[in-house]
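For reference, the structure is listed below as structure tokens.
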Amino acid sequence: MHVPEQAIVIQVTEAQSASEQVEDLVRQHASFVYQVAYAILRSPQEAEDVVQETFIRVWKHAGEISTISSQRGWLARIAWRVAIDWRKKHRNPAMVHDGDLPEPCSTEGPVDEELIRTQQARLLGSLIARLPRDLRETLDLSVVAELNSAEIAQILDIPESSVRGRLLRARRLLQEKAQAFLKRKK
């Protein structure tokens, strides 16, 4: 069977174009995809693995990239699904989301102030970890990944009004839990 040279040239050009599109997506959105993954996993190493897996999946659908209207939203949704799958597959089901936040790395200011900030960050992480999963994930996407309501709605496949409602409930619950904790400490 003889394949015309023109058909071969077109196929090579399309492959190069798809490859360039994926490279552009990686350059433009890799840190964003990392933020989404980190918001779910809270582990830098696992988030990096999820970024790689996300772009492998993107590569498999490289021919569709030019037809995607919101590439950022599309990537966020893929990263979200990969991170959720990663968590299910690689973590012990008995393991509870501990909510630890990274330690502050400041050398400025008195040691006692630094200790207070560290304890506050741990308390906040612990309170967030105890939120219902849907509220915690929505809050993580908003605060950690710094996504807006429309982007979160697209990732979670829920109405934007539901995202705003979840964020409001999450913040209220955090406030109530923090107040209850502080009352117990007195």
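Observations on the structure shown:
- The modelled label-to-label distance between LEU123 and THR67, using points 7 Å beyond Cα along the C-beta direction, is 5.3 nm.
- Excluding same-chain neighbours fewer than eight residues apart, no lysines are reachable from LYS183 by a Cα-Cα span under 22 Å.
- The residues neighbouring LEU141, those whose beta-carbon lies less than 15 Å from its own, together hold a net charge of +4 under the Lys/Arg +1, Asp/Glu -1 convention.
- GLN52 versus LYS183: modelled label distance in nm, points set 7 Å from Cα along the beta carbon direction: 4.9
- Spin-label pair GLU176-SER31: with each label point 7 Å from Cα along the Cα-Cβ axis, the two points sit 3.8 nm from one another.
- Sorting ASP157, ASP24, ASP49, ASP140 by the number of Cβ atoms found within 10 Å of their own Cβ, with the fewest placed first, yields ASP157, ASP24, ASP49, ASP140.
- HN-Hα J in Hz across region 37-52 - Karplus 6.51, -1.76, 1.60, θ = phi - 60°, x for Gly and Pro: 5, 5, 4, 8, 8, 6, 9, x, 5, 5, 5, 5, 4, 5, 4, 4
Rule-based calculations on the coordinates, nothing more; no lab input. Please read all numbers here as calculations on a predicted model, not as lab measurements. Every residue, glycine as well, gets a Cβ built from its backbone with ideal geometry; the counts of neighbours run over all protein chains shown.
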